[in-house]
Amino acid sequence: MKNITIAFIKISFKLFGVLPLPFIRWLGKSFGLLVWVFSRGYRKHFEDNWLQAKKADKKGRMEKCSILKAVGNSGEIFFETTKIWTQSDITSLVETKGVDLIRETIKLGKGLIFLTPHLGSFELAPRVVGEFIPLTVMYRPPKRDDLNELLVYFRDFQNVTMVKTNYSGVKSLIKFLKSGNCIGILPDQVPDRGAGKWTPFFAKLAYTNTLVIRLAKLSSAPIAWVSCVKSSKGWKFSAEIWNQKFDKSTDENESLIELNRKIEQLIYEHPEEYLWGYDRFKMPK
């Protein structure tokens, strides 16, 4: 029965992925609004996070987007994933900016750490990067084996390798960086207890993963911030090298504060593209 269910989901995703992108986005927006209406827990996380960011915003950047637009966009991001995961030519719908900068940084031979927050189509970013360099991405596997099997199946892209968020996975990341290779991490994912520190995020303490800073200190690897936000054609991919230098003397606490500030800055640039329903301020397990 389990194998039948997995096979059905794979076929459904592939069939869904061939639909026109505007139609998929329309369905996603409708789905997002429905979840908002009928899920009290989701709506509370969404509203609380949105209002916290708006409260911390001293420049009025959140005023350019309505909360309902952000709700619809969250549904779109979820539905777009079917197309991102199943269409081999998906990167033809992506405009790129900053790729040359990435190539030049890689030539330094120190490796490169890619950071992609829960902003826009973060599932698409590894696909774009994998078009021109090998990339190893850390991910948190679901508790259910069948869901993990589906994730591995759909995220199996050319030049993209995945490692789990465990001791073995961290050792692999260190090895790849020291060999001058590239890795990818979601910097705003809440880590397990003991793997983070309480750091301000939108003027409220959030449990923040220390792995990114520790890897950068250990390897002196530069960090690139990447994102994929929606456009009329498909998506716009942008990359920039963080102007922070890391070595063994770098203050971890100060670096974590700057890390969250950078995430805030990226979110304020595209507030409608952030997954506000993600429980960023939850207690770690």
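The values are calculated or read from the model by the stated rules, or taken from the named source; none is laboratory data. No experiment lies behind these values; they were computed from the predicted model shown. Note that we place each Cβ from the backbone using ideal geometry, even for glycine, and neighbour counts take in every protein chain shown. Quick note on the areas: whole protein, heavy atoms, side chains included, nothing else; ligands and nucleic acids left out. Shrake-Rupley method; radii C 1.70, N 1.55, O 1.52, S 1.80 Å.
Things to note:
- Gaussian network model of the chain, springs between alpha carbon atoms under 10 Å - residue of Tyr167, Tyr139, Tyr207 with greatest fluctuation: Tyr167
- For the chain, built as a Gaussian network whose Cα springs stay under 10 Å, the top-fluctuating residue of Ser168, Ser88, Ser121: Ser168
- Shape category assigned to region 91-175 from the gyration tensor of Cα positions, a/c cut at 1.5: oblate
- Each residue of region 67-77 is assigned a 3J(HN,Hα), and the resulting list reads 5, 5, 5, 5, 4, x, 5, 4, x, 4, 4 Hz, derived from the Karplus form 6.51 cos²θ - 1.76 cosθ + 1.60 (θ = phi - 60°), x at Gly and Pro.
- Charge context of Glu123, other residues only, Cβ under 11 angstrom, K/R +1, D/E -1: +2
- Across region 29-46, rounded Karplus estimates of 3J(HN,Hα) from the backbone phi angles (6.51 cos²θ - 1.76 cosθ + 1.60, θ = phi - 60°) give 4, 4, 4, x, 5, 5, 4, 4, 6, 9, 10, 5, x, 4, 4, 5, 4, 4 Hz, Gly and Pro being marked x.
- Overall form of the chain per C-alpha gyration tensor (a/c, 1.5; a/b vs b/c): rounded
- Accessible area per residue for the chain, computed on protein heavy atoms with a 1.4 Å probe, is 51 Å².
- Percent carbon-and-sulfur accessible area, the chain, ignoring ligands, DNA and RNA, probe 1.4 Å: 56
- Beta bridges per DSSP, both residues in region 133-285: antiparallel share near 60 percent.
- 5 angstrom amide H check on Ser227, placed H, neighbours 5+ away: Ser238
- Over the chain, dividing the summed -39,500 (n - 2.57) contributions of all DSSP H runs of at least 4 residues by the number of residues returns a 222 nm mean residue ellipticity of -15000 deg cm²/dmol.
- Among residues other than Pro141 with Cβ under 12 Å from its Cβ, the summed charge is +2 (Lys and Arg +1, Asp and Glu -1).
- Antiparallel beta bridges, as assigned by DSSP with both residues in the chain, represent about 40 percent of the total such bridges.
- Between Asp145, Asp48, Asp188, the residue with the greatest mean-square fluctuation in the GNM of the chain (Cα pairs under 10 Å linked by springs) is Asp145.
- For region 232-270 versus region 11-85, the spacing of their alpha-carbon centroids is 23 Å.
- Pairs from the list Lys29/Lys233; Lys175/Lys230; Lys55/Lys248; Lys10/Lys262; Lys262/Lys285 with a Cα-Cα gap above 27 Å: Lys175/Lys230; Lys55/Lys248; Lys10/Lys262.
- Gyration tensor verdict on region 201-285 (Cα atoms; rounded if a/c is under 1.5, prolate if a/b is larger than b/c, oblate otherwise): oblate
- Candidate residues Phe31, Phe202, Phe78, Phe157: accessible-area rank, largest first, probe 1.4 Å: Phe78, Phe31, Phe157, Phe202
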